[in-house]
1. Provide the gained length on full extension for the span residue 386 to residue 186, in nm with one decimal, where the gain is 0.36 nm per separating residue minus the Cα-Cα distance.
2. Roughly how far apart, in whole Å, are the Cα centres of segment 426-443 and segment 18-39?
3. Between residue 426 and residue 58, what is 0.36 nm times their sequence separation minus the Cα-Cα distance? Round to one decimal in nm.
4. Between residue 323 and residue 338, what length comes free when the chain is fully extended (0.36 nm per residue of separation minus the Cα-Cα distance, one decimal in nm)?
5. Estimate the FRET efficiency between residue 220 and residue 138 by the formula 1/(1 + (r/R0)^6), using the beta-carbon distance for r and 30 Å for R0, to the nearest 0.05.
6. For segment 248-289 and segment 129-194, write down the distance between their C-alpha centroids in whole Å.
7. Classify segment 12-78 as rounded, prolate or oblate, taking a ≥ b ≥ c as the square roots of the eigenvalues of its Cα gyration tensor: rounded when a/c is under 1.5, otherwise prolate if a/b is larger than b/c and oblate if not.
8. Which of rounded, prolate, oblate describes segment 94-178, given a ≥ b ≥ c as roots of the alpha-carbon gyration tensor eigenvalues and a/c under 1.5 marking rounded, otherwise prolate only if a/b is larger than b/c?
Ligand SMILES: *Cc1c(COP(=O)(O)O)cnc(C)c1O
């Protein structure tokens with residue numbers, strides 16, 4: 001058998017071209033076979049169909065048609081975030097230009113653990129990291145912001161806790177709101193930190209008075225983690241008040257802006273992040289309000305000196321004499337070793353769209369959320385939780401039990417008609433629409449509400465919820 005073609009090198013582009021045609025064709029046939037936002041039938045049916053199509057994963061004799069068959073099955077069985085009725089999670093439809101850039105990253109496969117594997121990629125990463133750090137820390141309160149490219153909010157939050165622990169001399173107590181992302185207490189567990197203190201978040205945002213109270217009684221050092229854009233409701237904690245409390249008590253501040261950080265690009269919305277630049281560290285996810293394929297995370301630090309805690313030597317990657325001779329030392333910019341150049345798609349997106357292009361997308365999804373909330377508000381059979389803070393709308397069939405709310409969501413999934421999330425807030429279960437698709441139109445929103453109301457009616461007619 002001849003060597004399978006490689007993606008880079010002189011033959012790379014000509015080897016890829018027909019394969020890309022195959023992939024694009026299979027994406028198309030797969031999506032048509034699905035015909036909706038997700039495959040109908042539920043997990044058992046989807047799994048059986050996939051197994052049937054794929055057959056043996058590692059046959060003795062290779063199958064030249066595997067690419068088409070698998071991509072078709074992958075697309076047929078996908079929950080497509082570009083479908084207007086796929087709106088459960090912070091799961092964005094990626095921009096075509098970002099996905100195209102990601103192909104080049106895959107083809108060339110630079111790895112960001114040493115300069116000799118990524119000469120241009122490492123410089124591009126520096127440029128993007130600096131640019132985004134300055135976007136967050138714009139007010140000049142600090143001359144030396146920096147940022148690390150991560151796999152997402154979870155890794156960024158872990159790094160934020162690690163940097164805090166090291167800056168505080170080996171241990172720190174995490175203080176979060178009850179509304180904080182689950183990855184924060186988990187990171188405290190991972191890093192062997194004391195049990196986190198959880199401050200009440202009445203109405204979904206961290207209560208500054210409760211925080212003050214907690215910080216008054218806690219031995220130092222503390223790291224307060226606030227949220228700008230909660231995963232459940234898109235709510236933004238009162239950042240300036242929290243920053244003032246942290247300053248008064250000498251606590252470090254981390255802001256998890258995994259979701260809300262994207263508002264920075266918008267003149268219309270960025271003032272809602274006032275106070276963000278007071279944080280020692282900030283988490284930002286551009287695979288949410290940034291329309292990137294996964295993964296595209298960022299951890300920004302106000303003071304680049306905090307990053308010295310990550311310094312690390314491995315002779316084969318950053319020998320001291322290589323570093324002295326001028327080879328950039330990349331190992332201290334992550335806890336990972338081999339590292340994908342996620343920065344290429346980011347750089348391409350930022351430059352292709354510009355601040356205005358990104359702002360238009362942010363403004364669009366925020367406006368859609370307000371329209372959707374207005375439709376819910378005016379619908380006699382539905383109850384709205386609250387006007388949206390970013391692009392998340394919580395609602396429920398009026399007068400329904402929590403069990404019915406959950407059953408409506410599962411019925412829509414099984415029907416393959418709509419993908420909605422769920423969130424428990426104020427002691428009740430809500431349906432969650434996270435609107436991240438800038439192409440979603442008013443008619444799509446009306447259709448979504450129609451589906452929910454219709455499904456609720458059939459369940460109310462005595463069909464057993466399951
Ligand atoms: C999504 C999210 C995270 C986790 O980010 P991942 O990219 O999924 O790891 C953390 N915090 C908040 C507020 C989030 O919304």
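1. My answer for the length gained is 69.1 nm.
2. Between the Cα centres of segment 426-443 and segment 18-39 lies a distance of 26 Å.
3. Length gained between residue 426 and residue 58: 127.5 nm.
4. Full-extension gain reported as 3.5 nm.
5. 0.50
6. If we compute the Cα centre of each part, the gap is 12 Å.
7. Values: a/c = 3.70, a/b = 1.36, b/c = 2.73.
Here segment 12-78 falls in the oblate category.
8. Here segment 94-178 falls in the prolate category.
Taken together, the values in this text are just the output of simple stated rules run on the coordinates, not laboratory data. This structure is a prediction, so every number in the text was calculated from the model and none was measured. So basically every Cβ, Gly included, is an ideal-geometry build from the backbone, and we count neighbours across all protein chains shown.
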